[in-house]
Amino acid sequence: MAAYIGRSGNDPVAEFGLPGHPLLMKRPNLQPELRSLRGQVDEDLSDLTPVSGSFCHTLRAEIGVTGEKGADAFEFDVCSPAWLENELDSLPILSGGSRLIAKRFAPAVVEAYVRKRLLHATGPDWQTIATKLGQWSRWEFDSHEA
């Protein structure tokens, strides 16, 4: 007869002395982190002009998983209301998609916004994280087939 470890009869893993077995433990969510944030053609954010009036800057964020090597690129636009107004003068409709709207282009504010979004983009795997990030940015592999 098998010797049971004094645990609840409802936990078959614990009954056989296997608490915390790696195959049965819930894996913690992965946390994405910002590795770099630059202009679309590798400009430093402080070099992008104009910072007010009519502007739409395309930014490229390199994002990876905390504690792991590698990163993927995610692009998004930071546009002013004036730029949107100008675009709507020539287009009947404009998609919001991966556009962030700001009256002024302030690199520190944009970076803080991205970091805050990353705090809420955890997931059990990279695909889940990339899907969450895709709600406000364009993933470099979005158009690739699996």
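The values are calculated or read from the model by the stated rules, or taken from the named source; none is laboratory data. Since the model is a prediction, treat every value here as computed from it, not as a measurement. With ideal geometry, Cβ positions are generated from the backbone for all residues, glycine too; neighbour counts draw on all protein chains shown. With ligands, DNA and RNA removed, areas are computed over all heavy atoms of the protein, side chains included. Shrake-Rupley method; radii C 1.70, N 1.55, O 1.52, S 1.80 Å.
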Quick check on residue 94: is it out of contact with any Ser or Thr (no Cβ under 7 Å at 6 or more places or on another chain) and modelled with pLDDT of 95 or more?
no
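Looking only at region 103-146, count how many residues are small (Gly, Ala, Ser) and touching a helix residue (DSSP H, G or I) at 6+ places or on another chain (Cβ under 7 Å).
Step one: list which residues in region 103-146 are small (Gly, Ala, Ser), which gives 106, 108, 112, 121, 123, 130, 134, 137, 143, 146.
Cutting the leftovers down to touching a helix residue (DSSP H, G or I) at 6+ places or on another chain (Cβ under 7 Å) gives us 121, 123.
Residues in region 103-146 being small (Gly, Ala, Ser) and touching a helix residue (DSSP H, G or I) at 6+ places or on another chain (Cβ under 7 Å): 2 in total.
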When the residues of region 90-137 are narrowed to those that are touching a Phe, Trp or Tyr at 6+ places or on another chain (Cβ under 6 Å) and closer than 13 Å to residue 65 by Cβ, which ends up surrounded by the fewest Cβ atoms within 10 Å (Cβ to Cβ)?
130
Within region 123-146, track down each residue that is of a type outside the set (Phe, Trp, Tyr), closer than 15 Å to residue 30 by Cβ and out of contact with any Lys or Arg (no Cβ under 8 Å at 6 or more places or on another chain).
125, 127, 128, 129, 130, 131, 132
Regarding region 63-71, can at least one residue be identified that is under 14 Å from the mean Cα position of the chain (by Cα) and among the charged types (D, E, K, R)?
no
Residues of region 91-126 being of a type in the set (Ser, Thr, Tyr) and free of Cβ contacts under 8 Å to residues at least 40 places away in the same chain, which ones?
95, 113
Considering only residues of region 57-89 that are among the polar types (S, T, N, Q) and open to solvent by 30 Å² or more (accessible area, probe 1.4 Å), which is nearest to residue 134 (Cα to Cα)?
58
